[in-house]
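Remarks on the structure that follows.
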Amino acid sequence: MNFKKMAAAFLTGACMLTAIGCGGGGGGEKPKDAKAEQSLKGKEVVLYVSFHEDTTKELAKGFKEKTGCEVKFIRLPTGEAVARLIAEKDAPKADVWLGGTIDAHEKMKAEGITTKYTSPDEKNLPAAYVDKDGFWKGTYLETLAIGVNEARFNKEFKGKVEMPTKLEDLLNPAFKGEIIMPDPAKSGTGSTFLTSVVQCMGEEKGLELLKGIKANVAQLTPSGFTPAQKCGAGEFLITVNFLSDQMNVSNKGQKIISTVFPNAGWTLCGVSKLKGAPHDAAANAFIDYMMSKEAGDAMVKTANGIACNPKSITPAGSKPLNELPLYKDYDFAKAGKEKDALTAKFAGL
Amino acid sequence: MQAASAGREQTGWASEIRALRREPQLLLAIGLLFLMFAVFIIYPFIKLILVPSALDWALAITGKEFQEAFVHTLFSSLLSTASAMVMGFLYAYAMNYTDLPGRRFFQVVALLPSMAPTVVSGLAFIMLFGRRGFITYNLLDLKVDLYGWFGLWVVQTIAFFPLAYITISGVLKSISPNLELAAQNLGAKGFYLFRTVTLRLATPGLASAFLLVAINSLADFGNPMLVGANYHVLATEAYAQVVGAWNLPMGAVLSVFLVIPTLIVFFIQRYYLEKNSYVTVTGKPVAGLTRVTVSPAVRWMLFAFCCFISLSILLIIGVVCLFAFTRTFGFDYTFTMDYFIEGVLQSSSLKNSWMASMTTAVFTTLLGIALAFLTLRRRFPGRAVMDFLAMLPVSLPGTFIGLALIMAFNSGPLEMTGTLVIVVVGMTLRQLPVGYRQAVSGLSQIEKSLEQASTNLGADSLTTFWKIIVPMLKNSLSVSFVYSFMRSMNTLSTVIFLISPEWNLASINIMSLANQGFLTVASATAVGMMLTIFLTFGLAKLILRDQINIFDL
């Protein structure tokens, strides 16, 4: 039985209930006119994209201006893209898979679906954000953060408790019933949180901390995005999820104060070339383009992500990449292997 | 041996088969219907049961969180079914046994919630009584958290009230007032009359109604997701297993668990209750006899109760409209069309829902009447099986149907996943029992002699069906058409696994938007949904006039 293909159909639901790691909203501004080479005029490139629509359109426009190449794309949430790529393994319909979390890109690499491509521009990126074996490259980074509803904090908590800035602060009994976060068993954001805490602190201490936090958590949601939205609405004071989701809510008017806590877990949204890509040259050019400053800027503006290219602008309200207190040694492959066992342990806490 | 003895009899299998041979069209129709059942019911269900391994079964039975979900499912659905039944009964009693002022108004208001998915009541509940609810927070400044079983109970009671009311009203209408008037003449009155006559006569019908509501609430998906929060039930857990944890076999196991209680309920209803039915067979109330059996005090209590329910319903619909058309209701009351434009005008999901539901309504109505005609009026081997299969989907939770279909039709010659076809198949399966039931009851009231006359004049089964049966069943047909259209527009659990990026549906949109916290756009989509249903019915009424029966469900 073909589970993978079947999964494709399920994941439509997933795309709405489980916020995809690499997605964003926000308004799009026009990118600066790049110096046009137009070397690929009349050619086309086909993408499967796990970004939001407006980010994708912005990138497609930028690439066309730069190279003259037409961009065709189908938007698929991470899980569904995986399912479709596996189903089409023998005769790929697309050239590049853009977006989707790195654990999924690792999986595609292991399945032999993506192929090696060394971009001349990947030197623009810190080495940690490029696959050592040359398969995937990072485009932007999602980091976990503690978000606090500003209006509610000022009204109800100011003077009584400090603004929480690290995970240990969340153990404060004053926050009991006021924290909302995604369920690690059901959301990629949640599992990133769980695995990064455990990797960083060691299993015993990590689970001990999470047990304390869980006692204060009012709701574990199936979607990674919901906590930001409900924190913004003031239903809950504190959210722990991806910074970009918090900023998307905050920028729409419901102010959330986000703090990237020390040793915060993170994930990358990657880009990979597909083995047997029908349009080889255009695929390479597109991946080169994704390493550029302009592409990074477009992603920052439309998705509030933190571009892997350090020259790109930083999202308003966030620090530059090298100043964020991220957990540098986070190991995606290890996290993927440990995920199931850890989520079971977390459920039992 | 059986064949030999049957050969001599006039009513055995052999004679039935011989009769069939004379009418190849009839034989073809029966064959096609059985093929349809085999492909769309039996095959997917076998497939679903075969997916999980023994290990999955063991894990599901021993897993603490699944046992918990099982208990939650039974507890919360029985609780809300009970309360919805009590409210539905009181309301239906007031409508059928009193001459309360404004009865027409009450009748219409009670049907309003069925124009929107049940999840809308959960949405309104959060907006009114949630942690930042308009009433609990803005007006009363309370700090309450009603997420969990309590909130779910309240919401599901309101959500299933219309279904309880409609079914119970049907039961009460079918009780002949003659018996009650006779009892009254013999001196029975008040509560004694109610207890010994009305309630006694209504009990089997009430039990059936209870089971119908219970099946629907057992499988309900949206409100447990939205209001239940950490209170997990089987339907939400099965979904989370498939979509969140990538564990399809476990999702299949959990959906099978969900089928067990509903199947038990189905068999009780079918083989116990129907045999012990006390409902008087004269059917429609006798004209000219009005039954007024309640004292003035009770009458005014019922009036107050109906006002309370109607106001609650109007409050729900009102708050949804207010959220849909103000910027941030409770804080910023500026009128805006933005949410309506985003959720309704710029979204193709309502159009998809409409197309799928219309097609479903046509299919279920026609299939229902064809099945009813065959099982009631034609003799052929396997009649009882056909009857059973046509009613079976009533007991199958939507999530179960959705999962089974997707497993059966994701590859092979009948690959349908990712298309609108599979959505229509799912909806049709779910609504088929309604169309069938409606056609059976309509057909039972029609004299056989007309059809016999048609046959004697030389018409074959097909001609008789189109020229005699269909025109005479106009009324039941339009009821099942309207009902299956409405239910399909609003269904959530059946289609949650069947939609695809190209074919998203409005009911799913409302649920997922609400679940992510986009209450305004969710409200706007719900308003769009209600408007669409109203406009569709209005248009149908304009075009067909008396040919269709819409508002008298």
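Descriptive notes on the structure:
- Under the criterion of Cα pairs below 8 Å and six or more residues apart, the relative contact order for chain B equals 20 percent.
- Database remark: amide H of B:Ser493 closer than 5 angstrom to the amide H of B:Phe221 (H placed geometrically; neighbours at sequence offset of 5 or more, or on other chains; Pro and chain starts carry no H).
- Gain on full stretching of the segment that runs from B:Tyr271 to B:Leu112 - 0.36 nm per residue minus C-alpha separation: 53.9 nm
- Distance between modelled label sites at B:Glu447 and B:Cys307, nm, 7 Å Cα→Cβ extension: 5.0 nm
- In the protein assembly as shown, the calculated helix contribution to ellipticity at 222 nm averages -17500 deg cm²/dmol per residue, counting -39,500 (n - 2.57) for every DSSP H run with n ≥ 4.
- Sorted largest first, the spans of the alpha carbon positions of the protein assembly as shown along the three principal axes are 93, 66, 54 Å.
- Under 5 Å from the amide H of A:Lys43 lie the amide H atoms of A:Glu70, each residue being 5 or more positions distant or on a separate chain, with H modelled from the backbone and absent for Pro and chain starts.
- Note, ³J(HN,Hα) from phi for the range B:172-178, Karplus 6.51, -1.76, 1.60, rounded to Hz, x at Gly and Pro: 5, 4, 7, 7, 6, x, 3
- Percentage, to the nearest whole number, of Cα pairs in the range B:470-517 over 13 Å apart: 65 percent
- Our coupling estimate for the range B:65-77, obtained by passing each phi through the Karplus curve with A = 6.51, B = -1.76, C = 1.60 and θ = phi - 60°, is 5, 7, 4, 4, 4, 5, 5, 4, 4, 5, 4, 5, 6 Hz, Gly and Pro reported as x.
- A cut-off of 5 Å between modelled amide H atoms, ignoring neighbours fewer than 5 places along the same chain, links A:Gly100 with A:Cys22, A:Ser50, A:Gly270.
- Length added when fully stretched, B:Leu376-B:Phe75, from 0.36 nm per residue minus Cα-Cα: 104.5 nm
- Per residue, the average separation of C-alpha pairs within less than 8 Å and at least 6 apart gives the range B:62-336 a relative contact order of 29 percent.
- Computed from the C-beta positions of B:Arg545 and B:Leu50, the FRET efficiency with R₀ = 56 Å rounds to 0.65.
- Over all pairs of different C-alpha atoms in chain A, the reciprocal of the mean inverse distance, the Kirkwood hydrodynamic radius, equals 20.4 Å.
- Across the range A:223-349, the relative contact order, built from alpha-carbon pairs under 8 Å that are at least six residues apart, equals 20 percent.
- FRET efficiency, B:Lys64 to B:Asn230 (Cβ-Cβ, R0 22 Å, nearest 0.05): 0.90
- Once the Cα atoms are used to define both axes, helix A:332-347 deviates from the longest principal axis of chain A by about 30 degrees.
- Under the simplified labelling scheme, the B:Ser295-A:Lys116 pair shows an inter-label distance of 9.3 nm, with each label point 7 Å from Cα along Cα→Cβ.
- The modelled label-to-label distance between A:Lys160 and A:Ala344, using points 7 Å beyond Cα along the C-beta direction, is 4.1 nm.
- Counting, for every residue in A:226-234, the Cβ atoms of other protein chains within 10 Å of its Cβ and taking the mean gives 4.
- Residues of the range A:306-349 with amide N under 19 Å of a point placed 7 Å along Cα→Cβ from A:Glu203: A:330-349
- A P(r) calculated from all alpha carbon pairs of the range B:62-336, with 5 Å bins opening at zero, reads 1, 5, 11, 14, 15, 14, 12, 11, 8, 5, 3, 1, 0, 0 percent.
- Each eigenvalue of the Cα gyration tensor of the range B:173-266, multiplied by 5 and square-rooted, gives one semi-axis; in descending order these are 45, 13, 8 Å.
- The largest-to-smallest principal axis extents of the Cα set in chain B are 82, 68, 51 Å.
- Taking a ≥ b ≥ c as the square roots of the Cα gyration tensor eigenvalues, the range B:1-147 comes out oblate, since a/c reaches at least 1.5 and a/b does not exceed b/c.
- Computed from backbone phi, the HN-Hα couplings of the range B:155-170 come to 5, 5, 4, 5, 5, 9, 4, x, 4, 4, 4, 4, 5, 5, 4, x Hz, rounded to whole numbers (Karplus: 6.51 cos²θ - 1.76 cosθ + 1.60, θ = phi - 60°; Gly and Pro given as x).
FYI, it's all coordinate maths here, none of it is from the lab. The structure displayed is predicted, hence computed values, not measured ones. Note that each Cβ is placed from the backbone with ideal geometry, even for glycine, and that neighbours are counted across all protein chains shown.
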